[in-house]
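**Student:** I'd like to ask some things about the structure below.
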Amino acid sequence: MAARKVGNCRLIRELGRGGMGVVYEAVQEPLERRVAVKELPAEFARSKELAERFRREGLAYAQLEHQAIVSVHDLVEKGDALYLITEYVDGADLSKLLEKGGALPPDCVAIVGARLAEALDYVHFHKLLHRDVKPANVMLSRTGEVKLMDFGIAKDQTEKDLTRDGVLVGSPAFLAPELLKGERPDVRSDLWALGVTLYQLVVGEKPFVGKGPDELQAAIRKGRFVPVRERASHVPRRLALAIERCLEKRPRARWPSAGALAHELQTIEAKLAPRLHPQARLTALMAHRGFATEEEALTCVDAESLVATKAVDEEAALMARLRPRPWRWALGLLFALGAAGAAAAKWSLFWHLK
């Protein structure tokens, strides 16, 4: 049976299947270049709204040429179906890294965050909003590249929105409070979603949760969450504050731009991982979590650094799993009260003798 083809691309295998389409690994001939092919099946392509959204995704990708954004090669119409041909990223998305080993080490979070903030700054410069930043939409390649993907609900800030009024667009746990009030999205709602993503990466859990949609939305509207260092005490204060500023309830209190956040995370990154090239550091992380081979990692990381990475990664995941114990707080309070009582007794005796 002949291999299925889309344009000049020969489909090899299915990579994933979502609510509205399928993604395949393919080879683009005659260049023999590995690509990804995203299909919008005929049953969805017949919807004018979905087909237009798919085309807009292709147009959004076509405007963007950034090292931290998946690049697009072509948009193909075949029969009643639509196909988007993009760069193939050999690796895993961040949600899979979380599933595999829990929270990421703080230096890796700073590196990933800096790359994503740079990408969003570039996206915003081109008058676009991503509107669906989350771990599942960020790929980490086996060679340590960070790639923002899935612009399926991206919005041109200068064009009319395809979404009907009152309909929420995006992943529920990553929606900013103002979006739940029906306000228009802007760059600060993308920064909120990035903040939720970084919080989950460094803590291992999302900052806002609920048993159902209503409870989740209520938690987001309140805007209250457990500070990063109360959930993961090993996280440097400056990194924790950078993430928490993204999660300010009032949009004006967040970072003024993705570029400002990128600059802060780059500074943190330089202090946390000064010896290794950032891409090499992420390659070592991928190797430790089983998404790259040790041989691949050793092409850009020495054996000593690879061993050190494993230790740091395991420590970060363990520290993020630990939670403050009630008895520790009680013991601390008793110690403080005891110290205060001893000091008071000392001064009382001093004045009595005097």
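The values are calculated or read from the model by the stated rules, or taken from the named source; none is laboratory data. In this text, all values refer to a predicted model and were calculated from it rather than measured experimentally. All Cβ positions, glycine included, derive from the backbone under ideal geometry; neighbour counts span all protein chains shown.
**Student:** Would you pick out the residues in the range 1-20 that are modelled with pLDDT of 85 or more, more than 16 Å from V76 (Cβ to Cβ) and surrounded by 14 or more Cβ atoms within 10 Å (Cβ to Cβ)?
**Tutor:** At the first step, the residues of the range 1-20 found to be modelled with pLDDT of 85 or more are 4-16.
Next cut, more than 16 Å from V76 (Cβ to Cβ) only: 12-16.
Within the range 1-20, I12, L15 qualify.
**Student:** Among the residues of the range 63-72, what is the count of those that are out of contact with any His (no Cβ under 8 Å at 6 or more places or on another chain) and part of a loop (DSSP other than H, G, I, E, B)? Please lay out each step first, then the result.
**Tutor:** First pass over the range 63-72, keeping only residues out of contact with any His (no Cβ under 8 Å at 6 or more places or on another chain): 65-72.
From what is left, the residues that are part of a loop (DSSP other than H, G, I, E, B) are 65-68, 70-71.
Matching residues across the range 63-72 total 6.
**Student:** For A60, indicate whether it is touching a residue at least 40 places away in the same chain (Cβ under 8 Å), in a strand (DSSP E or B) and of a type outside the set (D, E, K, R).
**Tutor:** On the way: touching a residue at least 40 places away in the same chain (Cβ under 8 Å): yes; in a strand (DSSP E or B): no; of a type outside the set (D, E, K, R): yes.
The answer is no for A60.
**Student:** Given the options V196, V138, name the one that is crowded, with 22+ Cβ neighbours inside 10 Å, modelled with pLDDT of 95 or more and out of contact with any Phe, Trp or Tyr (no Cβ under 9 Å at 6 or more places or on another chain).
**Tutor:** Working: V196 fails: out of contact with any Phe, Trp or Tyr (no Cβ under 9 Å at 6 or more places or on another chain).
Testing whether each residue is crowded, with 22+ Cβ neighbours inside 10 Å, modelled with pLDDT of 95 or more and out of contact with any Phe, Trp or Tyr (no Cβ under 9 Å at 6 or more places or on another chain) leaves just V138.
**Student:** Another question, if that's okay. Among the residues that make up the range 207-214, is at least one of them basic (K, R) and at pLDDT 95 or above?
**Tutor:** Within the range 207-214, the subset basic (K, R) is 211.
Keeping just the survivors that are at pLDDT 95 or above gives none.
Looking for residues that are basic (K, R) and at pLDDT 95 or above, one finds none in the range 207-214, hence no.
**Student:** Ok, one more. Please work out if E99 is in the same structural domain as Q279 (by TED's automatic domain parsing) and without any contact (Cβ under 8 Å) to a residue 24 or more places away in the chain.
**Tutor:** Details: in the same structural domain as Q279 (by TED's automatic domain parsing): yes; without any contact (Cβ under 8 Å) to a residue 24 or more places away in the chain: yes.
Considered against the rule, which asks whether it is in the same structural domain as Q279 (by TED's automatic domain parsing) and without any contact (Cβ under 8 Å) to a residue 24 or more places away in the chain, E99 comes out as yes.
**Student:** Quick one: is A308 in a helix (DSSP H, G or I), assigned by TED's automatic domain parsing to the domain that holds C108 and surrounded by fewer than 21 Cβ atoms within 10 Å (Cβ to Cβ)?
**Tutor:** Working: in a helix (DSSP H, G or I): yes; assigned by TED's automatic domain parsing to the domain that holds C108: yes; surrounded by fewer than 21 Cβ atoms within 10 Å (Cβ to Cβ): yes.
Judged against the criteria, A308 is a match.
**Student:** Quick check on this structure: which one of P177, P185 is closer than 23 Å to N137 by Cβ, in the same structural domain as L120 (by TED's automatic domain parsing) and either of a type in the set (D, E) or modelled with pLDDT of 95 or more (or both)? First the steps, then the outcome.
**Tutor:** Numbers: P185 fails: either of a type in the set (D, E) or modelled with pLDDT of 95 or more (or both).
Result of the check over P177, P185: P177.
**Student:** Moving to a separate point now. Quick check: anything in the range 39-56 surrounded by 20 or more Cβ atoms within 10 Å (Cβ to Cβ), among the aromatic types (F, W, Y), more than 24 Å from the chain's Cα centre (by Cα) and on the phi < 0 side of the Ramachandran plot?
**Tutor:** So far as the range 39-56 goes, no, none of its residues is surrounded by 20 or more Cβ atoms within 10 Å (Cβ to Cβ), among the aromatic types (F, W, Y), more than 24 Å from the chain's Cα centre (by Cα) and on the phi < 0 side of the Ramachandran plot.
**Student:** Does V23 satisfy being of a type in the set (V, I, T), farther than 30 Å from A242 by Cα and either crowded, with 17+ Cβ neighbours inside 10 Å or outside the structural domain of A240 (by TED's automatic domain parsing) (or both)? Lay out the reasoning, then the answer.
**Tutor:** Numbers: of a type in the set (V, I, T): yes; farther than 30 Å from A242 by Cα: yes; either crowded, with 17+ Cβ neighbours inside 10 Å or outside the structural domain of A240 (by TED's automatic domain parsing) (or both): yes.
Here the answer is yes, as V23 does meet what is asked.
**Student:** Here are R229, R245, R237: which of them is at pLDDT 95 or above and surrounded by fewer than 16 Cβ atoms within 10 Å (Cβ to Cβ)? Walk me through how you get there before you give the answer.
**Tutor:** Details: R229 fails: surrounded by fewer than 16 Cβ atoms within 10 Å (Cβ to Cβ); R245 fails: surrounded by fewer than 16 Cβ atoms within 10 Å (Cβ to Cβ).
Answer to the check: R237.
**Student:** Suppose we keep only residues that are outside any loop (DSSP other than H, G, I, E, B) and acidic (D, E) within the range 32-57. Which one would you say is modelled with the highest pLDDT?
**Tutor:** Here is the first cut: in the range 32-57, the residues outside any loop (DSSP other than H, G, I, E, B) are 33-40, 42-45, 48-57.
Narrowing further to those that are acidic (D, E): 39, 43, 49, 52, 57.
On the way: E39: 94, E43: 87, E49: 84, E52: 85, E57: 84.
Once the filter is applied, the top-ranked residue is E39.
Yes/no per residue for (1) within 17 Å of L201 (Cβ to Cβ); (2) not assigned by TED's automatic domain parsing to the domain that holds V138; (3) not aliphatic (A, V, I, L, M):
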position: L241; (1), (2), (3): yes, no, no
position: H263; (1), (2), (3): no, no, yes
position: A273; (1), (2), (3): yes, no, no
position: R281; (1), (2), (3): yes, no, yes
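**Student:** Follow-up. So is K147 in a strand (DSSP E or B), closer than 25 Å to S189 by Cα and charged (D, E, K, R) or not?
**Tutor:** Numbers: in a strand (DSSP E or B): yes; closer than 25 Å to S189 by Cα: yes; charged (D, E, K, R): yes.
When the stated conditions are applied, K147 passes them.
**Student:** Follow-up. With the condition kept exactly as written, say whether any residue in the range 265-283 is over 14 Å from C108 (Cα atoms) and touching a residue at least 24 places away in the same chain (Cβ under 8 Å). Before the answer, list the steps.
**Tutor:** Of all residues in the range 265-283, those over 14 Å from C108 (Cα atoms) come to none.
No - not one qualifying residue is present in the range 265-283.
**Student:** Given the criterion at pLDDT below 95 and under 12 Å from the mean Cα position of the chain (by Cα), identify the matching residue among D80, D93, D132. Please lay out each step first, then the result.
**Tutor:** On the way: D80 fails: under 12 Å from the mean Cα position of the chain (by Cα); D93 fails: at pLDDT below 95.
Result of the check over D80, D93, D132: D132.
Matching residues to (1) among the charged types (D, E, K, R); (2) farther than 20 Å from R17 by Cβ; (3) assigned to a helix (DSSP H, G or I):
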residue: D74; (1), (2), (3): yes, yes, no
residue: T86; (1), (2), (3): no, no, no
residue: G113; (1), (2), (3): no, yes, yes
residue: A117; (1), (2), (3): no, yes, yes
residue: D132; (1), (2), (3): yes, no, no
